[in-house]
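Notes follow once the structure below has been shown.
Each reported figure results from applying straightforward, stated rules to the coordinates on display, with no laboratory input. Only a predicted model underlies this, so the values are computations on that prediction, with no experimental measurement involved. Cβ placement follows ideal geometry from the backbone for every residue including glycine, while neighbour counts extend to all protein chains displayed.
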Amino acid sequence: MRKLLIILVSLTIPAAMAFAQAPKVVSGHMVLDADGVHAGSTAKAAVVADVADGYHINDHVPSLDYLIPTELKLDAAPPLTIGDTRYPKGAPQKFTFLETPISVYQGQVVVGAQIKVASDAKPGTYELKGSFDYQACNDRACLPPTSLPLTLSVRVVPRSQAVKPANADVFHGLKFN
């Protein structure tokens with residue numbers, strides 16, 4: 001019995017250490033489509049996530065119901081509320097562990113969200129917090145699901161102050177209703 005326990009522990013510890021030391025394969029940050037916002041306006045925010053070469057993350061609407069979706073979660077922070085969220089279309093990819101292709105994101109992924117500013121918002125800087133939740137896999141194995149914490153500073157400026165567009169390269173393909 002003692003020998004069996006030693007064998008089980010010796011097999012379990014390396015596996016647990018491998019998960020604890022899982023490589024960080026997704027990095028990212030959030031940006032706004034302007035250098036400031038006015039009270040009563042709607043702005044666009046985006047998460048720009050970079051998936052390491054050789055890895056993929058599942059589409060927001062996974063091809064198979066047991067796959068873990070990629071999801072942007074943002075917490076409202078008065079006077080800011082979250083509106084519509086837009087995900088890119090995933091690309092079908094064939095992997096050795098599945099018979100049929102599945103829809104995934106690889107390389108750079110941009111997910112957009114509308115940020116609505118209350119009409120009575122006072123000028124100042126407000127922190128919008130959230131997470132980018134995903135499960136990264138390569139052609140051999142999947143890492144545990146994880147979250148990339150996000151913070152975006154949104155600067156509300158007086159109506160008399162002009163705001164300038166920003167990050168046009170990020171927002172050029174994001175369409176909102």
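Points worth noting:
- If R0 equals 30 Å, the separation of the Cβ atoms of Lys73 and Arg140 corresponds to a calculated FRET efficiency of about 0.55.
- Least to most buried among Arg155, Arg140, Arg86 (fewest other Cβ within 10 Å first): Arg140, Arg155, Arg86
- The overall shape of region 38-146, judged from the alpha-carbon gyration tensor, is prolate: a/c is not under 1.5, and a/b is greater than b/c.
- Cα-projected label distance for Arg155 with Lys89, points at 7 Å along beta-carbon direction, nm: 3.7
- Working from label points 7 Å from Cα in the Cα-to-Cβ sense, the Glu99 to Lys164 distance is 5.8 nm.
- Just checking the listed ones, Ser160, Ser103, Ser147: in the Gaussian network model of the chain with Cα springs under 10 Å, the one fluctuating most is Ser160.
- Burial ordering of Ser153, Ser63, fewest other beta-carbon atoms within 10 Å first: Ser153, Ser63
- Listing Cys142, Cys137 from fewest to most neighbouring C-beta atoms within 10 Å gives Cys142, Cys137.
- The angle between the Cα long axis of helix 2-20 and the main principal axis of the chain comes to about 30°, on a 0 to 90 degree scale.
- GNM top mover of Ala45, Ala162, Ala113 - the chain, alpha-carbon springs below 10 Å: Ala162
- Mean-square fluctuations from a GNM of the chain, with a 10 angstrom spring cutoff on Cα atoms, peak among Pro23, Pro158, Pro145 at Pro23.
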